[in-house]
Structure formats: C-alpha cells, structure tokens
Amino acid sequence: MRTLIFDTDIGVDDAFALAYAARTQRLLGITTVFGNVAVGQAVKNARLFCEKMGIEAPVYRGCSRPLALAPSAPATLHGLDGLGDAFENTYSEDAPNAVQFIIDSVRAQPHAITIVAIGPLTNIASAINQAPDIIPLVKELVIMGGAFGTDGHSGNVSPFAEFNIWKDPHAADQVLASALPVVVLPLDVTHKVLITGDEVRQLNQPVLSAICRPYLAYSLQKEGFDGMALHDTLTLSWLALPQAFTVTEAPVRVITEGISLGQTVRRLSALASREDPFAGLRTQRLCLGVDAEAVREHFFAALRA
C-alpha cells in the first residue's frame, strides 16, 4: 500500500481509477486539473464521486489551462459534466491550491509519496518548476499518457498523440525530461485491458454503472464494442501488480509543435550527433506489454461490492 497524491481531470475512467485507488492504496489527497472537464468541474466531480463512493480524501484545485498553449475544449464522451450526467452536483468549485499541496506534501514526507497522474501533467510541471527541490524527494510518478505505436495505437486525438499529453505537451515534456522517477502507462497497454458493459454491471457498483452509460454508448457507436478500456486504472494496476507488465527503459521527449503535437518519442538507440535531443536525460520506465487477464482479475476483486 502506497501513500498517494491522485492527480486527475476526473471523467469516467478517472472515476473508476479513483475507486480502485481508494480500495488498494492510501489516499493523501486528490489534486484536480483541467482536461476531460474544466478544473472547477473537476473539483465538483471529485467531491461528488467521493461522497457517492464513501471515499475520504481532501480535494484541491489545480491548473486551469496549459503552460503555453491556448486552452482547448473539454472532452465530450464522458457526458457534459464528465461523470455521465448521472447525478445533480451542487458542490463548490473552490478548493485549496493543488500545486502548493503537492510541494508541501512531498517536502513533509520525503521519499514516501507516490503521485498518480491521470490527466494533463500541468500540476506536476508547475510543482517542479516552482520547487525543483522536490524532484529527488518523490518516491515515484506513475502516469497514464502517451502512445508509442507498439500495438498499432499511435494516438487517440490525432494520428500521433494521446489525449492527456496532447492537452499540455509542454508540461509533459518538462516532466518526462526531468529527473523525476516516472513510470508511463501508454495507450500501448491500456487498449489491451477491456471491461464489458455486463462486467461493469456485475461489479454491483451502482455509481460506476450510472456514470459510464454515455461512455459505453459512445464506444458501442464508434467501435461496435459494448465496453471500455480501463485506461487510467492501469496506473493503480502497476502499483499492485508490477509483475504483470513488460517494462522497457528509455529517455522520452514530447513534440510541442507542428503536425505531431503531443507525440511521445523514446530513444531507440544512442545517437552520435551532439544534437541528440535525449542527451543527459534520465531513462524512464515505459510499460509496453501487459498480462491483461491478471490486471482484470485484480481490478474485479478490488471493486466488487
């Protein structure tokens, strides 16, 4: 069991991950960020979901826009409110500062806090920019993001880019190029771990069943599959079952302009040129293969009521 800061732009699959985290880890706090929804809505969603699921964790308000790019529209496949429009939400958008919470928490508990980041990496980049002294104090940063094309899935918002990285590529490049110890769960593995609509209902979790209806409808319409990929939950699967993943190590950069904006790029071999864009960078752990059934079984066992 780890002590977690859970950084999220909470939509449907984020909510599944939060429910999983609450049953398998120790939640220190939930930090919100723009992405699937505006950051104010993410604050409201985190509070509502915690109330509905009996999760006790303080909620913090993070960054509302990318570091350098103009803001883009929220996602729509999670419903207008990000949680499937399933419940009335009267919670406040106000909350303490998420970036300061990350900085203060890591300083107070050096080498003890794992950060799970399942949205744009703007809060994390902002924290290490404001307080670079925390970089060696973070136990581990586990992110759902990126795509390396090993399974034929190179992106889900463009031919090159995955949503979380694409939303703030400058933040992602700063984080992945930093000395933080990062584990990346990209689309290469998250597309391999699927759950059907029937399996969601069999969890006997009415809140999860309610929020995922438009998400499942979108999947059925677009892909002919009554189900969903457990994208964000795989960050928690890594913490619980690291042996279920095939890991490679490489330095990683993110493209921050042009047609391939948001693409995650790893170094496959050393370059002789002094123009090597990976020179001096830490190698990060990339999960590029997964025992999908082992991950599914652990998730089901944790979430069944």
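The values are calculated or read from the model by the stated rules, or taken from the named source; none is laboratory data. It should be emphasised that the depicted structure is a prediction, and the values quoted were computed from it without experimental measurement. Quick reminder, even Gly has a Cβ in these numbers, built from the backbone with ideal geometry, and neighbours come from all protein chains shown. Only protein heavy atoms, including side chains, enter the accessible area calculation; ligands, DNA and RNA are left aside. Shrake-Rupley method; radii C 1.70, N 1.55, O 1.52, S 1.80 Å.
Charge tally for L48 (other residues, Cβ to Cβ under 11 Å; Lys, Arg +1; Asp, Glu -1): 0.
All other residues with a Cβ under 12 Å from the Cβ of G82 taken together, and with Lys, Arg as +1 and Asp, Glu as -1, what is their net charge?
On the way: positive: K44; negative: D9, D13, D14, D81, D85.
Around G82, the charge tally is -4.
Using a cutoff of 8 angstrom between alpha carbon atoms and counting only pairs six or more residues apart, the relative contact order for segment 99-158 works out to 38 percent.
Compare the peptides 164-170, 208-214 by average per-residue count of other Cβ atoms within 10 angstrom and give them in order, highest first. Working shown, then result.
Working: 164-170: 27.0, 208-214: 20.4.
Result, highest mean Cβ count within 10 Å first: 164-170, 208-214.
Cα centroids of segment 143-165 and segment 211-230: 19 Å apart.
Across the chain, the relative contact order, built from alpha-carbon pairs under 8 Å that are at least six residues apart, equals 20 percent.
Would you work out the relative contact order for segment 168-296, in percent, from Cα pairs under 8 angstrom that are 6 or more residues apart? Before the final figure, lay out the partial values.
Details: 176 pairs, mean separation 50.5, N = 129.
Answer for segment 168-296 is 39 percent.
When mean projected area of the Cα convex hull in nm² is calculated for this entry, the matching label among (i) 23.5; (ii) 25.4; (iii) 14.7 is (iii). When T264, T283 are compared by accessible area of protein heavy atoms, the largest-first order is T283, T264, using a 1.4 Å probe.
Extension gain, E88 to D226, is 47.1 nm, computed as 0.36 nm per intervening residue step minus the present C-alpha separation.
Just the number please: accessible area per residue for the chain, 1.4 Å probe, all protein chains included, in Å². Working shown, then result.
Values: 12170 Å² over 305 residues.
Averaged over the residues of the chain, the accessible area is 40 Å².
In this structure, the amide hydrogen of A117, modeled 1.01 Å from its nitrogen in the peptide plane, lies closer than 5 angstrom to those of D7, V142, I143, M144, counting only residues at least 5 positions away or on a different chain. Scoring 252-263, 136-147, 35-46 by mean Cβ neighbours within 10 Å over their residues and listing the highest first yields 35-46, 136-147, 252-263. Subtracting the Cα-Cα distance of E275 and S64 from 0.36 nm times their residue separation leaves 72.5 nm of extension gain. Beta bridges assigned by DSSP with both partners in the chain are antiparallel in approximately 30 percent of cases.
The residues E51, E88, sorted by heavy-atom accessible surface at 1.4 Å with ligands and nucleic acids left out, run E88, E51 from largest to smallest. Share of carbon and sulfur in the accessible area of the chain stands at 50%, probe radius 1.4 Å.
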